[in-house]
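The structure appears right after this line, and notes come after that.
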Amino acid sequence: MPRTTIPLYLVTFNCARLPHSTTTLSAHLLSGLPASSPGDPSQPELIVLSLQELAPLAASFLGGDHLTSYFTPFSTAVRLATRKAFDEDYALAAYRNIGLTGIMVFARHVGRVKFVEHGEVGTGVWEMGNKGGVGVRVGYEGVGGVVEMNFISMHLAAHEWNVESRNKDWESIVRGMVFEPSSPLDESSGKTGIYHPTSHLFVMGDLNYRTSDIRPQAFEYLVYPRVTDNPLSNTHFLNLLVQDQLTAQCTQGNTLQGLVEEKITFPPTYKLKPSRGKEREGKEESWNWSKTRWPSWTDRIFYLPLPPRAEVETKKITVHNYTSIPGIISSDHRPVVLYLSIPAQPIPPPSSSSTTGEDIRVNPPFAIDKDWKSRRASARRKEVVVGCLAWLVTTWAGLGVIMAFVVGGYGGLWVLRALVMRGYEV
């Protein structure tokens with residue numbers, strides 16, 4: 001029986017720059033899936049992880065081998081989880097980072113991955129990657145052609161009052177993220193932005209929109225909602241959604257233009273007190289919100305609906321679950337999961353006779369910045385410098401280098417002084 005859909009399992013998680021237990025990750029990572037059995041055709045074809053604050057600043061900005069120990073626990077966790085759930089190994093098809101934000105794509109059938117492209121934009125200080133977005137564009141073998149999917153992992157500006165900065169970060173990501181092939185062998189169609197006429201679009205990450213414009217005052221934490229409150233009461237956590245900044249900004253068309261989100265039914269995923277070393281596998285933990293931030297849904301996943309030319313009765317996007325993972329409690333965020341299926345048929349290109357004026361894939365909200373490549377190259381050079389400085393002052397190896405220079409300098413001065421004094425004596 002031919003496949004009619006491509007199930008996708010998307011996860012976003014702010015790691016708080018901390019290492020995380022592979023055992024705990026593997027035990028809970030797939031908890032957003034319904035019960036299934038090995039060989040179940042509804043199991044995900046792709047698993048995509050959006051990771052923010054993946055590692056400390058030095059490792060994040062230097063990249064390469066410095067980040068290996070931070071990516072590896074997630075690769076191992078996915079492998080362990082899929083072996084247990086499906087008796088299958090998922091292959092790491094792509095991974096990338098910009099500064100502290102990363103993305104990983106795992107494929108059930110890596111041979112069906114026909115091309116991979118990457119893009120990145122920094123929106124932090126001097127356009128560096130302490131904030132920003134990184135994307136992976138994947139071509140996956142479908143029915144009758146290659147299904148194109150653009151996955152964007154983002155971390156936007158922090159602080160309650162920075163709504164406009166978050167909106168501006170999104171605009172910068174749309175203008176500056178251009179996908180390029182990973183190698184000349186990729187069967188891609190050339191450079192493209194995140195909105196594309198024949199591509200699906202998924203945006204996930206710590207978007208940082210809050211439920212208040214200011215931080216809690218004095219003892220306001222005493223009126224925080226409780227997960228156990230009656231859903232019909234005024235103290236139920238879902239009442240906070242009325243103040244959700246992201247919902248308001250999307251409604252006004254100021255951000256994430258054209259994208260939609262499934263209805264939220266899970267508690268706010270930020271800010272919670274981390275409980276490192278106290279994870280209890282398989283048991284839901286209490287939602288211990290911090291007294292210094294209003295509970296908010298900062299961690300979100302959006303998708304772009306199919307255009308009218310592709311949306312027929314047998315071709316539609318089906319959302320199976322949108323939830324959080326309360327069992328992973330080692331960060332001040334809880335991971336969020338979106339499990340959905342897209343048609344296995346490619347999105348058809350717009351015809352010359354069709355009306356494309358309202359098709360956001362054809363007419364994106366912002367044009368691509370013609371200087372995107374040079375701006376990113378300039379920011380990358382700054383990241384390397386800052387990364388080296390951070391490595392020197394925040395790691396034992398770096399401090400050892402500084403100490404060696406100091407000791408060597410003093411030793412050199414002592415030798416020079418001894419030679420001078422001997423010259424005087426002569």
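Does any residue of the range 38-52 turn out to be over 25 Å from VAL146 (Cα atoms) and either at pLDDT 95 or above or in a strand (DSSP E or B) (or both)? It would help to see each step written out before you state the result.
Quick first cut of the range 38-52, residues over 25 Å from VAL146 (Cα atoms) only: 38, 51-52.
Applying the additional criterion that residues be either at pLDDT 95 or above or in a strand (DSSP E or B) (or both) yields 51-52.
Yes, the conditions are met somewhere in the range 38-52.
Pairs under 6 Å by beta carbon, first residue more than 25 Å from GLN43 (Cα to Cα) and open to solvent by 10 Å² or more (accessible area, probe 1.4 Å) in the range 326-350, partner assigned to a loop (DSSP other than H, G, I, E, B) and of a type outside the set (A, V, I, L, M), six or more apart or different chains?
Once the first residue is more than 25 Å from GLN43 (Cα to Cα) and open to solvent by 10 Å² or more (accessible area, probe 1.4 Å) and sits in the range 326-350, its partners that are assigned to a loop (DSSP other than H, G, I, E, B) and of a type outside the set (A, V, I, L, M) give ASP332/LYS271; ASP332/PRO274; PRO348/ARG309; PRO349/PRO197; PRO349/THR198; PRO350/PRO197; PRO350/THR356.
Quick one: SER172 ticks every box in (1) among the small types (Gly, Ala, Ser); (2) without any contact (Cβ under 8 Å) to a residue 60 or more places away in the chain; (3) under 18 Å from ARG300 (Cα atoms) except a single one, so which number is it?
Looking at each condition in turn, SER172 falls short on (3).
Considering only the range 203-219, how many residues are in contact (Cβ under 8 Å) with a residue 12 or more places away in the chain and either part of a loop (DSSP other than H, G, I, E, B) or surrounded by fewer than 23 Cβ atoms within 10 Å (Cβ to Cβ) (or both)? Talk me through it step by step, then tell me what you get.
Just the residues of the range 203-219 that are in contact (Cβ under 8 Å) with a residue 12 or more places away in the chain, to begin with: 203-216.
Narrowing further to those that are either part of a loop (DSSP other than H, G, I, E, B) or surrounded by fewer than 23 Cβ atoms within 10 Å (Cβ to Cβ) (or both): 207-216.
The number of residues fulfilling the criteria is 10.
Quick grid of which residues meet (1) among the aliphatic types (A, V, I, L, M); (2) open to solvent by less than 10 Å² (accessible area, probe 1.4 Å); (3) over 26 Å from LEU392 (Cβ atoms):
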residue	(1), (2), (3)
ALA35	yes, no, yes
LEU49	yes, yes, yes
SER69	no, no, no
ARG79	no, no, yes
THR101	no, yes, no
MET104	yes, yes, yes
ARG108	no, no, yes
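Return the total of residues in the range 255-270 being open to solvent by 20 Å² or more (accessible area, probe 1.4 Å), of a type in the set (A, V, I, L, M) and assigned to a loop (DSSP other than H, G, I, E, B).
Residues flagged as open to solvent by 20 Å² or more (accessible area, probe 1.4 Å), of a type in the set (A, V, I, L, M) and assigned to a loop (DSSP other than H, G, I, E, B) within the range 255-270 amount to 0.
Which one of the conditions (1) over 24 Å from CYS15 (Cα atoms); (2) in contact (Cβ under 8 Å) with a residue 12 or more places away in the chain does ALA157 fail to meet, given that it meets all the rest?
(1) is the only condition that ALA157 fails.
Whether any residue in the range 144-151 is at pLDDT 95 or above, open to solvent by 10 Å² or more (accessible area, probe 1.4 Å) and touching a helix residue (DSSP H, G or I) at 6+ places or on another chain (Cβ under 7 Å) is what I want to check.
So far as the range 144-151 goes, no, none of its residues is at pLDDT 95 or above, open to solvent by 10 Å² or more (accessible area, probe 1.4 Å) and touching a helix residue (DSSP H, G or I) at 6+ places or on another chain (Cβ under 7 Å).
Take LEU92 and decide whether it is more than 25 Å from GLN257 (Cβ to Cβ), at pLDDT below 95 and surrounded by fewer than 23 Cβ atoms within 10 Å (Cβ to Cβ). Step through it out loud before you land on a result.
Working: more than 25 Å from GLN257 (Cβ to Cβ): yes; at pLDDT below 95: no; surrounded by fewer than 23 Cβ atoms within 10 Å (Cβ to Cβ): yes.
Considered against the rule, which asks whether it is more than 25 Å from GLN257 (Cβ to Cβ), at pLDDT below 95 and surrounded by fewer than 23 Cβ atoms within 10 Å (Cβ to Cβ), LEU92 comes out as no.
The values are calculated or read from the model by the stated rules, or taken from the named source; none is laboratory data. Here the structure is a predicted model, which is why all the values come from computation and not from measurement. All Cβ positions, even for glycine, are placed from backbone atoms using ideal geometry, and neighbour counts span all protein chains on display. Keep in mind that these areas ignore ligands, DNA and RNA; they rest on the heavy atoms of the full protein, side chains included. Shrake-Rupley method; radii C 1.70, N 1.55, O 1.52, S 1.80 Å.
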